[in-house]
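Beneath this line is the structure, given in structure tokens, with notes to follow.
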Amino acid sequence: MSRQPAAGHRAAGQVRQAGPAATGDSLKSTEKSFASEAVDIAAELGTQTPVGLDEGEAARRLRAHGPNSLRLHEKRSALGILAHQFRSLIVWLLAAAAVLSLILGDIADAVAICVVLLLNSAIGFVTELRAARSMEALLRITEVSCRVRRDGKTRVINAKDLVPGDIVLLEAGDVVSADLRLVSVSNLYCDESLLTGESAPVIKQVTFLPEETPLAERTNMAFSGTAVTQGLGEGIVVSTGMATQLGHISSLAQKADEEASPLERRLDILGQKLVWLTIVLAAATSLAGMAWGHSIPEMLKTGVALAVAAIPEGLPVVATLCLARGLLRMANRNALVTKLSAVETLGATTLILTDKTGTLTENRMTAVGYLTDRGAVGVSRGDAGVFFTAEDRQIDPRTWKELDWALTVGALCNTAEWDGKAAVPGIGDPMEISLLETAAGTGFDRATLHEEFVPVGQHAFDPVRKMMATVHACDGRYLYAVKGAPEAVIKAASGVLGKDGIQPITEEDREAWLSRQAEAARSGQRLLALACKWSDMPSTKPYEDLCLLALVCFLDPLRAEIPEAISACQNAGVRIVMMTGDHADTAAKIAQEAGIGRRDPKVLSGQDVGEQELISGDKEAQIRLMDIDVFARVAPETKFNLVSLFQDGGHVVAMTGDGVNDAPALKKADIGIAMGQRGTQVAREASDIVLKDDNFATIVDAMRQGRIIFGNIRKFVLYLMSCNVSEVLIVGIAVGIGLPVPLLPLQILFLNLVTDVFPAFALGLGQGDDEVMVRPPRDPRAPIVDRHGWFLIAFLGGAITLATLGAFAVALFQLELAPESAVSVAFVTLALAQLWNVFNVRSASTHFLKSGIVRNGYVWAALALCVVLIVLALAHPGLSGILGLPWPGLEGVLVAIGASFLPLALGQGLLLIEGGKPKTRSGIATAPGEGPGTP
């Protein structure tokens with residue numbers, strides 16, 4: 001049955017004659033078609049509901065409006081992505097060094113530098129070449145058939161051929177293929193959770209609505225991409241393709257810029273600083289060398305050596321391998337990472353914007369209690385057959401007449417299907433499924449009940465009366481089982497079943513029941529009323545003189561693991577903010593149970609958010625919004641703008657979601673996290689991380705791994721940079737004071753790509769400490785190397801420089817070795833000093849023997865491998881010849897080994913001093929450069 005139009009309006013289908021403007025070409029007034037009568041929309045679009053468009057007019061409109069599909073923006077080509085790898089200043093500096101080496105005849109140096117360039121570019125290309133498949137998934141939603149009325153006949157056409165003005169016929173199981181203004185409905189329900197976040201199907205009607213009605217409450221519209229769960233309906237197509245709400249979301253997702261990860265930004269800034277530092281040092285050293293009488297070609301070679309020495313070529317390789325290792329760890333913890341940098345970014349997260357339905361909750365309506373005349377009865381969520389009173393006293397429902405009859409009527413007045421043994425146990429309306437599940441758990445099987453109460457009739461849900469009824473024959477009489485909206489059923493009731501049988505219901509009783517209903521609704525519950533009556537005839541009016549049995553309370557329950565997971569996030573200094581399309585009361589209840597806002601959340605409804613406040617730059621308004629814990633009834637574009645708001649406020653934002661409506665925000669966020677089981681394909685494709693188990697708690701594991709990984713990356717950056725600084729200082733100082741060049745470019749490349757990379761990678765495999773998740777997030781604006789980090793780099797680099805130049809001077813002036821042999825002494829000293837330097841980047845708060853680096857087996861394996869490679873470089877005739885490392889004699893080797901331990905001694909002395917400093921506010925001493933961040 002369809003709701004009748006308001007008085008004074010024409011009935012749907014009585015269409016005035018379309019004027020010249022009613023051609024379907026101009027859709028300005030249909031943008032808010034929910035606020036107009038269906039008859040006016042039909043007239044403007046030049047259509048009539050009993051007839052529809054003729055084929056000729058439909059073809060003309062198809063040419064004018066285009067196919068009903070979601071277009072894709074132009075994709076980045078593989079060639080463009082490859083070209084992007086060569087836009088870095090570091091790449092161009094190394095390329096210039098390779099060309100200069102080639103001009104000077106140093107073929108080996110040029111080839112080695114080119115190999116480094118190709119390796120780094122290949123890694124970047126493979127990492128960045130991620131096809132944007134989210135829009136393809138959106139496109140597939142509209143690739144369905146639909147039933148339309150054209151030329152007065154019902155036809156089945158491809159949904160792509162729908163045009164504004166088409167009359168579309170809907171029935172249960174259909175996917176709505178365009179935005180429709182409904183003109184006729186009969187018990188029509190649509191599942192709009194993927195668009196609005198509303199967990200329960202929405203009942204539809206035809207009466208026009210106020211212009212300020214939010215998307216989730218436009219009940220006279222059927223939106224593209226949503227599903228019809230039950231009933232019948234007809235609607236006029238008012239929007240197709242990109243003009244639909246689904247198309248609007250598609251457009252938002254396509255426009256969302258993918259932000260560079262914090263690690264990528266920091267490494268890029270660090271690289272730019274290194275480039276300019278290298279240019280200045282190379283120029284100054286070359287000029288100084290010329291002033292000492294060195295030849296120009298020799299100084300050009302020295303400039304190449306400095307360029308190679310200053311840039312840690314292994315850094316991108318080690319960072320990528322470290323992140324890949326984190327990816328494997330996360331895969332073992334049910335989190336699929338589609339972008340390597342996402343692992344580190346999640347560790348830097350300061351705020352998580354989470355959806356409610358299907359993310360924090362189970363995305364299924366569950367009966368949690370019955371309000372009866374005798375009192376409230378709770379239902380155990382873990383076992384549908386356990387009932388208990390407000391005093392936690394377990395009861396047998398068969399001993400309570402009103403509860404016994406409520407379970408019976410809930411199972412009888414039901415159109416859903418339930419089979420607890422099936423893979424998908426329930427089919428139909430979620431509330432009806434829950435009624436059957438609860439009844440079945442107590443032994444009220446519907447098939448058995450039908451043997452006693454034989455079904456003989458059914459009255460479909462009446463959207464005006466807001467009730468439905470089924471009729472059953474029993475012992476020569478007829479039972480009318482009724483369920484519906486509490487206010488409607490209470491108004492139609494003349495009695496209520498209690499402990500002492502049926503008692504008349506007074507106006508005071510009605511007010512009391514309505515008050516109980518309102519109180520339960522405020523706590524986030526949805527309610528249905530159950531009633532019945534007996535009659536001698538099967539054709540009695542079903543909704544009069546009813547006996548009220550109970551009100552059933554439903555919740556989309558919170559996942560059991562959520563409170564602990566959210567508490568862990570908050571202890572780690574990560575704020576949780578909920579964004580949902582559901583009601584504010586429901587959202588607030590779930591937020592309180594979950595612990596969001598420390599169980600006292602600040603809630604704001606979407607109507608009160610104010611899009612202009614989000615995008616206008618009004619700082620006061622934006623600060624107010626950033627203090628909110630729960631945003632309810634939010635539209636997709638609001639989610640998108642909220643992500644931008646928090647990002648502009650300095651947060652590293654992670655966004656969780658599972659619906660189409662979440663896709664733009666997922667893509668815009670620093671980290672998009674989608675649900676793998678309940679999540680839509682669109683959400684998964686727009687995300688950086690997919691949770692295979694849909695478990696919010698998995699995010700905590702991911703955050704821990706991200707923090708460990710960043711700590712490890714910071715350690716090996718300090719390690720690599722201190723080693724490279726020492727190489728620059730060694731060459732620059734030696735040339736500046738008139739000594740021979742102590743290191744050759746190929747030797748430096750050997751150290752940077754072999755003896756540096758393996759220890760650095762071993763550092764990247766560290767397991768972290770137990771306190772990593774009770775420290776606040778680091779400041780997302782802080783550089784990867786802070787002031788203390790630069791001090792440590794300079795100190796350790798200076799110590800290595802002192803040891804190497806000292807050994808080089810001893811070899812030249814005391815041992816009186818030839819310059820080529822003295823270079824070998826300097827090479828061995830530098831190589832070993834860099835290896836022992838790995839222990840200097842441990843945490844100052846831990847004892848040397850108990851530190852994670854000393855207990856890391858990978859570090860010892862890397863050191864052993866590097867020592868073997870150094871021995872081969874010095875002793876193997878072929879390799880030593882290529883590198884220019886003649887044997888320096890036993891005395892030269894002993895000098896090199898002894899000098900190599902000087903930086904280790906100085907570094908450990910510094911750590912002992914720092915270890916005595918006061919601890920941080922969390923009570924945990926941090927590693928150098930790892931102070932608590934400020935979100």
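Can you work out the Karplus-derived ³J(HN,Hα) for every residue in the range 548-557? Use 6.51 cos²θ - 1.76 cosθ + 1.60 with θ = phi - 60°, whole Hz, and x for glycine or proline.
Karplus values, whole Hz, x for Gly and Pro: 6, 9, 5, 9, 9, 9, 10, 9, 8, x.
If eta is 1.002 mPa s and T is 20 °C, what Stokes-Einstein diffusion coefficient results for the range 366-555, Kirkwood Rh from Cα pairs, in µm²/s?
The estimated diffusion coefficient comes to 130 µm²/s.
Dividing the Cα convex hull volume of the range 373-466 by residue count, how many Å³ per residue is that?
Cα convex hull per residue, to the nearest whole number: 126 Å³.
Using a 7 Å offset from Cα along Cα-Cβ at ARG398, what residues in the range 413-449 end up with backbone N under 20 Å from the label point?
Once the point is set 7 Å along Cα→Cβ of ARG398, 436-449 turn out to lie under 20 Å by backbone N, inside the range 413-449.
Please work out the Kirkwood hydrodynamic radius for the range 646-760, using every pair of different C-alpha atoms, and report it in angstroms with one decimal place.
Its Kirkwood hydrodynamic radius stands at 17.8 Å.
To check you understand DSSP bridge types, tell me what percent of the beta bridges within the range 366-555 (both residues inside) are antiparallel, rounded to 5.
The answer is about 95 percent antiparallel.
Please report, in Å, the Rg and the Dmax of the range 363-403, where both are computed over Cα atoms only.
In Å, with Rg to one decimal and Dmax whole: 10.1, 32.
Can you put ILE249, ILE737, ILE882, ILE41 in order of Cβ neighbours within 10 angstrom, beginning with the fewest?
Ranked by crowding around the Cβ, least crowded first: ILE737, ILE882, ILE41, ILE249.
Based on other C-beta atoms within 10 Å, arrange MET221, MET290, MET773 from fewest to most.
Ranking MET221, MET290, MET773 by Cβ neighbours within 10 Å, fewest first, gives MET290, MET773, MET221.
Evaluated at 25 °C with a viscosity of 0.890 mPa s, what Stokes-Einstein diffusion coefficient in µm²/s does the range 800-871 have when Rh comes from the Kirkwood expression over alpha-carbon pairs?
Estimated via Stokes-Einstein, D reaches 179 µm²/s.
Given that compact globular proteins tend to follow 2.2 N^0.38 Å, what is the ratio of the alpha-carbon Rg of the range 329-407 to that value?
Ratio of Cα Rg to 2.2 N^0.38 Å: 1.86.
What value does the range 481-617 have for Rg/Rh, both radii from Cα atoms and Rh as Kirkwood defines it?
With Rg and the Kirkwood Rh in hand, the quotient comes to 1.16.
Out of every Cα pair in the range 548-607, what percent are spaced more than 15 Å from each other?
I get 54 percent for the Cα pairs in the range 548-607 exceeding 15 Å.
For GLU637, GLU44, GLU891, what's the fewest-to-most ordering of other Cβ within 10 Å of each Cβ?
GLU891, GLU637, GLU44
Given +1 on the Cβ of Lys and Arg, -1 on the Cβ of Asp and Glu, and no further charges, what dipole in debye does the range 410-486 carry about its Cα centre, rounded to the nearest 20?
260
Every number in this text was worked out from the coordinates using simple rules, so none of it is lab data. Keep in mind that what you see is a predicted model, and the values were worked out from it rather than measured. With ideal geometry, Cβ positions are generated from the backbone for all residues, glycine too; neighbour counts draw on all protein chains shown.
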